[in-house]
Amino acid sequence: MVSATDTAGLGPTRLKVTRLGLGTAPLGGLYAPVEEGQAESTIARAWDLGLRFFDTAPQYGNGLSEQRLGRFLAGKPRDSYVLATKVGRLLRVPPQAEAQEDAFYKGTPPERPVFEFSYDGVMQSLEESLQRLGLDRVDVLHIHDPDDHYDAAIAGAYRALDRLRADGVIGAVGAGMNQAEMLARFARDGVFDCFLLAGRYTLLEQRSLDDFMPLCEARGIGVIIGGVYNSGILANPNEGAKFNYQDADPALIARARALDSVCRRHGVPLKAAAIQFPAAHPAVASILTGARTPAELEENEALFRHPIPADLWAELRDEGLIAPAAPTP
């Protein structure tokens, strides 16, 4: 059984990441504010549990996630953890007439993200992230959600990250997205060490097995998986469940319920199967789990090591609920 504190190499780099990492979007106030003390306690609990891989971004809480994570990590030996952040957004205070409440992050600073995938913009973004983190370096730098900006991202952002890697400023070049198709395009057009794929390789959805996951395995690119509960549908597959941040289609809810039924027959929580399933793929280095309280984090860590019989995976495959080619624990 894989342990949360086991480590895996991240692609061709020298970096070693724990198989379970902490994603800090919730600690930036995703959907609801998080008090400072609660955020600190959650990060501290991750550390106490042995998690040593931390993921953040300027957009997560409009700088708040980076600030909170940096304050905690500043007291830890720098070589004892791996830290990832992202580029593609510069945080700027909008003119008063244009200021609006953030649609996703609550209780945040006044800055708002501005798309910026140019070479100079990425260099500026890293400098500002380091200031918010209060650290002198990050280990992994991802191009963040360039869905409508591929040309700028490959011509500007990637070129900047490639230079930073060559100069030894960062240890790994990556990209993080909610789609696998553009990540596969990046893999073919550049030299990437790792990718963060959110929500597209889960117990509910495995289309990335058609191209992206085999491509990463063949090229030795490390994959970090986020969004294992698919915005909540794999945590609570009932009417009103969310999928990909929106109300889930009835057909998806029915499929999630079918997954849940199989899990129940084997005495396994659906969430345990959901958090463990992606980790079985040989290209996957780490699973990011978001948490806004120590209790949520403790639950995820326990689910990651919950015993699951081989018969459960066999039944899911026989029922057509997971892809025939999907590796299982």
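The values are calculated or read from the model by the stated rules, or taken from the named source; none is laboratory data. Note that this is a predicted model, so its numbers are computed, not measured. Cβ atoms come from the backbone with ideal geometry, glycine included; neighbour counts cover every protein chain shown. What goes into the accessible areas is simple: the full protein's heavy atoms, side chains included, and nothing from ligands, DNA or RNA. Shrake-Rupley method; radii C 1.70, N 1.55, O 1.52, S 1.80 Å.
The residues of segment 55-101 that are crowded, with 17+ Cβ neighbours inside 10 Å and part of a loop (DSSP other than H, G, I, E, B), listed by number, are Thr56, Ala57, Pro58, Gln59, Tyr60, Gly61, Asn62, Gly63, Tyr81, Gly88.
Within segment 226-242, being of a type outside the set (A, V, I, L, M) and surrounded by fewer than 21 Cβ atoms within 10 Å (Cβ to Cβ) holds for Ser231, Gly232, Asn236, Asn238, Glu239, Gly240, Lys242.
Pick out the one residue from Ser125, Ser129, Ser118 that is hydroxyl-bearing (Ser, Thr, Tyr), over 26 Å from Tyr81 (Cβ atoms) and surrounded by 14 or more Cβ atoms within 10 Å (Cβ to Cβ). Walk me through how you get there before you give the answer.
Values: Ser125 fails: over 26 Å from Tyr81 (Cβ atoms); Ser129 fails: over 26 Å from Tyr81 (Cβ atoms).
Checking each option against the conditions leaves just Ser118.
Do we find a residue being in contact (Cβ under 8 Å) with a residue 12 or more places away in the chain and over 19 Å from the mean Cα position of the chain (by Cα) anywhere in segment 46-63? I'd like the intermediate steps shown before the answer.
Filtering segment 46-63 down to residues in contact (Cβ under 8 Å) with a residue 12 or more places away in the chain leaves 46-47, 49-63.
Those left that are additionally over 19 Å from the mean Cα position of the chain (by Cα): none.
No - not one qualifying residue is present in segment 46-63.
Looking across segment 11-33, the residues that are among the aliphatic types (A, V, I, L, M), under 14 Å from the mean Cα position of the chain (by Cα) and within 18 Å of Ala283 (Cα to Cα) come down to Val17, Leu20.
Please return the ranges of helices (runs of 4 or more DSSP H) entirely within segment 258-329 where 1 or more residues are out of contact with any helix residue (DSSP H, G or I) (no Cβ under 7 Å at 6 or more places or on another chain) and without any contact (Cβ under 8 Å) to a residue 40 or more places away in the chain.
On the way: elements: 270-276, 294-304, 310-318.
The qualifying helices (runs of 4 or more DSSP H) are 294-304, 310-318.
Could you please find all residues in segment 290-312 being open to solvent by less than 10 Å² (accessible area, probe 1.4 Å) and out of contact with any strand residue (DSSP E or B) (no Cβ under 6 Å at 6 or more places or on another chain)? If the condition is that a residue be open to solvent by less than 10 Å² (accessible area, probe 1.4 Å) and out of contact with any strand residue (DSSP E or B) (no Cβ under 6 Å at 6 or more places or on another chain), then Ala291, Leu297, Leu312 are the ones that fit. Within segment 35-47, the set of residues being open to solvent by 10 Å² or more (accessible area, probe 1.4 Å) and touching a helix residue (DSSP H, G or I) at 6+ places or on another chain (Cβ under 9 Å) comprises Glu36, Gln38, Glu40, Ser41, Ala44, Arg45, Trp47.
So, in segment 137-157, of the ones that are free of Cβ contacts under 8 Å to residues at least 40 places away in the same chain and part of a loop (DSSP other than H, G, I, E, B), which residue ends up least open to solvent (accessible area, probe 1.4 Å)? Let's see the steps before the verdict.
Step one: filter segment 137-157 for residues free of Cβ contacts under 8 Å to residues at least 40 places away in the same chain, giving 147-148, 150-152, 154-156.
Subsequent filtering for residues that are part of a loop (DSSP other than H, G, I, E, B) retains 147-148.
Values: Asp147: 66, Asp148: 137 Å².
Among them, the one singled out is Asp147.
Could you please let me know if Pro33 is part of a loop (DSSP other than H, G, I, E, B) and farther than 13 Å from His142 by Cβ? Spelling it out, Pro33 is indeed part of a loop (DSSP other than H, G, I, E, B) and farther than 13 Å from His142 by Cβ.
With respect to (1) farther than 28 Å from Glu301 by Cα; (2) within 21 Å of the chain's Cα centre (by Cα); (3) among the hydrophobic types (A, V, I, L, M, F, W, C), the lone exception for Leu83 is condition (1).
Per the conditions (1) at pLDDT 95 or above; (2) open to solvent by 30 Å² or more (accessible area, probe 1.4 Å); (3) among the hydroxyl-bearing types (Ser, Thr, Tyr); (4) within 24 Å of the chain's Cα centre (by Cα), the sole criterion not satisfied by Tyr245 is (1). Taking (1) in contact (Cβ under 8 Å) with a residue 40 or more places away in the chain; (2) closer than 19 Å to Ala84 by Cα; (3) under 17 Å from the mean Cα position of the chain (by Cα) in turn, Leu161 satisfies each apart from (3).
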